[in-house]
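Visitor: Encoded as structure tokens, here's the structure I'll be asking about.
The values are calculated or read from the model by the stated rules, or taken from the named source; none is laboratory data. For clarity, every value in this text was computed on a predicted model and none was experimentally measured. Here the Cβ is made from the backbone with ideal geometry for all residues, glycine too, and neighbour counts use every protein chain on show. When the accessible area is computed, the model is the full protein with side chains, heavy atoms only, and any ligands, DNA or RNA have been set aside. Shrake-Rupley method; radii C 1.70, N 1.55, O 1.52, S 1.80 Å.
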Amino acid sequence: MIQLIRGFKDILPGEVELWQYIESTARSLFEDFGFREIRIPIMERTELFARSIGEDTDIVEKEMYTFADRKNELITLRPEATASVVRSYIQHKLYADDPVQKFYTIGPMFRRERPQKGRYRQFYQINAEVFGIDSPFIDAQLIFMLVKLFSRLSVTDVEAHINSLGCPECRPRFKEALAEVLSAATEKLCSDCVRRSLRNPLRVMDCKVPSCREAMTNAPAIIDFLCSECRLHFETVKQALEKLKIPFVIDKRLVRGLDYYTRTTFEIQTSYLGAQNAVVGGGRYNGLVKALGGPDQPAVGFAIGFDRLVEITGLKNADFKQNPDIFIAAMGENGKARAFEWACAFADSGIKTEMDFSDRSLKSLMKRADKLSAAYVLMVGEKELEEGAVVLRDMTTKEQVSIPLENLVEDIKAKILLTTNA
Ligand code: HAM
């Protein structure tokens, strides 16, 4: 038997309803905050990710699914969505009418990481990106929106972690101080980090290797190096969160695993998922639009790990079980032929309908209706057709009524819609 690829998964009926519910809750909330959906392709030129996420990141160095297509062009299955949304904003000049644009996008991402709980090679993200707004209020509003989403989805025990990564003006001084600490601890660093400490010392800060973590215990904190504008921005984010009554933790080590961030970075973390504790990652990336050839527009956004969100929501698959409103137990060729038309008409009127096409006995048909937890069973055979009426059984009360054939569809529709809408 051919099996799934490691780190990939199916989302089966019975599970998918919860995913759909989360998705529609996020869509409606985000749309109330002024976001519109954008759909971007699953593959892009490799260069787009290398230039935006950064050559020295784990994602670009080790985790991308990259291959040459038939014309030997390097293409990559997207490891994240931000780079593509930025590309689209630039390519279609979406800034021309109004530089302020707010997009959300939902879909699969691909990273060749070691699979474990909360970490997959194909995983899903719910992204939101805002362009053209420099105000720290929007950073706080994104976190507010996330907290509201989580409360609508019965997610408890999550904590917002925030930090600031400064800007091209203040970051060089921090990098210098960091490089100094790193050069004194080279023997503790993994081989990747020895290289990174020279090229991109910030990357060492999110290395997971324990000895690298140990080497970082004396590392300076970037928020102690912020220029006055970045400090003011960070202060305003914090004050806005306090005003909105959103608890947060200042996390001086939060540098995030992608190179494009400036100023605010944040994660929403949970204790439920062990090592994979971030359910959301996000932040500002003011230089990226310009770096990719667009106008100098600021941007900020986040991505929710959809798979992780599903794992921590208090909602359960059972809350979304889809039972048929009516199960049609039709017997004999004539019974089936008539019932088939009714089944089509019921389903067309928004009634969840299941009909059995086998030649089973009434007893085994009733067993199947029970197993499916159907609300009603309609029984029809030769005898009912001759007598001009079918039997409708309410599976909860066990009450049975006889329904005449003329006007049957309308009568049953009215009865069922009355109870299902009650
Ligand atoms: P990220 O931190 O790489 O950021 O990913 C965001 C979230 O995606 C993570 O917090 C996690 O919940 C989920 N995630 C990442 N990798 C995996 C995986 N292998 N399996 C399951 N879930 C995973 C970004 O992707 C940025 N583009 C976020 C952003 C948007 N920043 C600004 N705008």
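Visitor: Given the residues Tyr285, Tyr272, which is the only one that is within 13 Å of the ligand (Cβ to nearest atom) and farther than 28 Å from Lys102 by Cα? Walk me through how you get there before you give the answer.
Guide: Working: Tyr285 fails: farther than 28 Å from Lys102 by Cα.
So the residue among Tyr285, Tyr272 that is within 13 Å of the ligand (Cβ to nearest atom) and farther than 28 Å from Lys102 by Cα is Tyr272.
Visitor: So Arg360 passes all but one of these: (1) in a loop (DSSP other than H, G, I, E, B); (2) in the same structural domain as Val249 (by TED's automatic domain parsing); (3) more than 29 Å from Ile246 (Cα to Cα). Which condition number does it fail?
Guide: With (1) in a loop (DSSP other than H, G, I, E, B); (2) in the same structural domain as Val249 (by TED's automatic domain parsing); (3) more than 29 Å from Ile246 (Cα to Cα) applied to Arg360, the lone miss is (2).
Visitor: Does Lys62 count as more than 18 Å from Leu309 (Cβ to Cβ) and either more than 22 Å from the chain's Cα centre (by Cα) or without any contact (Cβ under 8 Å) to a residue 40 or more places away in the chain (or both)?
Guide: Details: more than 18 Å from Leu309 (Cβ to Cβ): yes; either more than 22 Å from the chain's Cα centre (by Cα) or without any contact (Cβ under 8 Å) to a residue 40 or more places away in the chain (or both): yes.
Against the criterion (more than 18 Å from Leu309 (Cβ to Cβ) and either more than 22 Å from the chain's Cα centre (by Cα) or without any contact (Cβ under 8 Å) to a residue 40 or more places away in the chain (or both)), Lys62 qualifies.
Visitor: Looking at the structure I just gave you, is Arg27 touching a residue at least 12 places away in the same chain (Cβ under 8 Å), out of contact with any helix residue (DSSP H, G or I) (no Cβ under 7 Å at 6 or more places or on another chain) and not in a helix (DSSP H, G or I)?
Guide: Details: touching a residue at least 12 places away in the same chain (Cβ under 8 Å): yes; out of contact with any helix residue (DSSP H, G or I) (no Cβ under 7 Å at 6 or more places or on another chain): yes; not in a helix (DSSP H, G or I): no.
So Arg27 does not fit the description; no.
Visitor: Another question, then. What is the number of the single condition among (1) surrounded by fewer than 21 Cβ atoms within 10 Å (Cβ to Cβ); (2) within 12 Å of the ligand (Cβ to nearest atom); (3) among the hydroxyl-bearing types (Ser, Thr, Tyr) that Thr66 does not meet?
Guide: With respect to (1) surrounded by fewer than 21 Cβ atoms within 10 Å (Cβ to Cβ); (2) within 12 Å of the ligand (Cβ to nearest atom); (3) among the hydroxyl-bearing types (Ser, Thr, Tyr), Thr66 is out only on (2).
Visitor: Further question: List the number of the failed condition for Thr353; all other conditions in (1) in contact with a strand residue (DSSP E or B) (Cβ under 9 Å, 6 or more places away or on another chain); (2) at pLDDT below 95 hold.
Guide: Going through (1) in contact with a strand residue (DSSP E or B) (Cβ under 9 Å, 6 or more places away or on another chain); (2) at pLDDT below 95 one by one, Thr353 breaks only (2).
Visitor: Collect the residues in segment 391-411 that are open to solvent by less than 90 Å² (accessible area, probe 1.4 Å) and under 40 Å from the mean Cα position of the chain (by Cα), keeping them in residue-number order. First the steps, then the outcome.
Guide: Within segment 391-411, the subset open to solvent by less than 90 Å² (accessible area, probe 1.4 Å) is 391-395, 397, 401-405, 408-409, 411.
Across segment 391-411, the qualifying residues are Asp394, Met395.
Visitor: Here is a further query. Has segment 139-149 got any residue that is surrounded by fewer than 17 Cβ atoms within 10 Å (Cβ to Cβ) and part of a helix (DSSP H, G or I)? Even if it seems obvious, please write down each step before you answer.
Guide: As a first pass, look at segment 139-149 and keep what is surrounded by fewer than 17 Cβ atoms within 10 Å (Cβ to Cβ): 148.
If we keep only those that are part of a helix (DSSP H, G or I) too, we end up with 148.
For segment 139-149, residues surrounded by fewer than 17 Cβ atoms within 10 Å (Cβ to Cβ) and part of a helix (DSSP H, G or I): present.
Visitor: Quick check on my filter: what residues within segment 289-311 are within 10 Å of the ligand (Cβ to nearest atom) and open to solvent by 10 Å² or more (accessible area, probe 1.4 Å)?
Guide: We begin by selecting, within segment 289-311, every residue within 10 Å of the ligand (Cβ to nearest atom); these are 299-309, 311.
Result: Ala303, Gly305, Arg308, Glu311.
Visitor: Still on this structure, please answer the following. Just one of the numbered conditions (1) at pLDDT below 95; (2) more than 25 Å from Leu182 (Cβ to Cβ); (3) among the polar types (S, T, N, Q) is not true of Asn286; which one?
Guide: Of everything listed in (1) at pLDDT below 95; (2) more than 25 Å from Leu182 (Cβ to Cβ); (3) among the polar types (S, T, N, Q), Asn286 misses just condition (1).
Visitor: Can you give me the number of residues within segment 340-357 that are open to solvent by 40 Å² or more (accessible area, probe 1.4 Å) and in contact with a helix residue (DSSP H, G or I) (Cβ under 9 Å, 6 or more places away or on another chain)?
Guide: Step one: filter segment 340-357 for residues open to solvent by 40 Å² or more (accessible area, probe 1.4 Å), giving 340-341, 344, 347-348, 350, 352, 354, 357.
Then drop every residue that is not in contact with a helix residue (DSSP H, G or I) (Cβ under 9 Å, 6 or more places away or on another chain), which leaves 341, 350, 352, 354, 357.
Number satisfying all stated conditions: 5.
Visitor: Next question. Which residue out of Thr57, Thr25, Thr46 is more than 26 Å from Ile90 (Cα to Cα), open to solvent by less than 40 Å² (accessible area, probe 1.4 Å) and either of a type in the set (Val, Ile, Thr) or within 15 Å of the ligand (Cβ to nearest atom) (or both)? Explain how you work it out, then say what you get.
Guide: On the way: Thr57 fails: more than 26 Å from Ile90 (Cα to Cα); Thr46 fails: more than 26 Å from Ile90 (Cα to Cα).
Going through Thr57, Thr25, Thr46 in turn, the sole match is Thr25.
Visitor: Continuing with this model, one more query. Go through segment 162-201 and give me each residue that's touching a residue at least 24 places away in the same chain (Cβ under 8 Å), more than 14 Å from Leu226 (Cβ to Cβ), open to solvent by 10 Å² or more (accessible area, probe 1.4 Å) and of a type in the set (A, V, I, L, M, F, W, C).
Guide: Across segment 162-201, the qualifying residues are Val181, Ala185, Leu189.
Visitor: Go through segment 207-262 residue by residue and tally those that are within 16 Å of the ligand (Cβ to nearest atom), in a loop (DSSP other than H, G, I, E, B) and in the same structural domain as Ser52 (by TED's automatic domain parsing).
Guide: Final tally of qualifying residues: 10.
Visitor: Here is a further query. Any residue in segment 125-137 that is open to solvent by 10 Å² or more (accessible area, probe 1.4 Å), more than 12 Å from the ligand (Cβ to nearest atom), in the same structural domain as Asp32 (by TED's automatic domain parsing) and not in a loop (DSSP other than H, G, I, E, B)? So that I can check it myself, show each step before the final result.
Guide: Filtering segment 125-137 down to residues open to solvent by 10 Å² or more (accessible area, probe 1.4 Å) leaves 125, 132-137.
So of that shortlist, the ones also more than 12 Å from the ligand (Cβ to nearest atom) come out as 132-137.
Imposing the further condition that a residue be in the same structural domain as Asp32 (by TED's automatic domain parsing) reduces the set to 132-137.
Among the residues that remain, those that are also not in a loop (DSSP other than H, G, I, E, B) are: 136-137.
Checked against the condition, which is being open to solvent by 10 Å² or more (accessible area, probe 1.4 Å), more than 12 Å from the ligand (Cβ to nearest atom), in the same structural domain as Asp32 (by TED's automatic domain parsing) and not in a loop (DSSP other than H, G, I, E, B), segment 125-137 yields at least one hit.
Visitor: I need a count of the residues in segment 312-330 that are of a type in the set (A, V, I, L, M, F, W, C), crowded, with 16+ Cβ neighbours inside 10 Å and either more than 22 Å from Lys371 (Cα to Cα) or at pLDDT below 95 (or both). First the steps, then the outcome.
Guide: To start, the set of residues in segment 312-330 that are of a type in the set (A, V, I, L, M, F, W, C) comprises 312, 315, 318, 320, 326-330.
Still in the running and crowded, with 16+ Cβ neighbours inside 10 Å: 312, 315, 326-330.
Pick out the ones that are also either more than 22 Å from Lys371 (Cα to Cα) or at pLDDT below 95 (or both) and you get 312, 315.
Residues meeting the conditions: 2.
Visitor: Is it fair to say Lys148 is under 28 Å from Val289 (Cβ atoms), free of Cβ contacts under 8 Å to residues at least 40 places away in the same chain and in contact with a Leu (Cβ under 9 Å, 6 or more places away or on another chain)?
Guide: No: the conditions fail for Lys148.
Visitor: Would you confirm whether or not segment 100-121 contains a residue that is within 21 Å of Asn286 (Cβ to Cβ), of a type outside the set (A, V, I, L, M, F, W, C) and more than 13 Å from the ligand (Cβ to nearest atom)? Working first, answer last.
Guide: The first filter runs over segment 100-121 and keeps only residues within 21 Å of Asn286 (Cβ to Cβ), leaving 100-105.
Among the residues that remain, those that are also of a type outside the set (A, V, I, L, M, F, W, C) are: 101-102, 104-105.
Still in the list and also more than 13 Å from the ligand (Cβ to nearest atom): 101.
Yes.
Visitor: Give me the residue from segment 273-310 that is aliphatic (A, V, I, L, M) and assigned to a helix (DSSP H, G or I) and, out of that set, nearest to Arg256 (Cα to Cα).
Guide: So in segment 273-310, the residues aliphatic (A, V, I, L, M) come out as 273, 275, 278-280, 288-289, 291-292, 299-300, 303-304, 309-310.
Applying the additional criterion that residues be assigned to a helix (DSSP H, G or I) yields 288-289, 291, 309-310.
Values: Leu288: 15, Val289: 19, Ala291: 19, Leu309: 19, Val310: 22 Å.
My answer is Leu288.
Visitor: Take the residues of segment 70-93 that are open to solvent by less than 50 Å² (accessible area, probe 1.4 Å) and part of a loop (DSSP other than H, G, I, E, B): which is nearest to the ligand (Cβ to nearest atom)?
Guide: Among those residues, the one meeting the criterion is Glu80.
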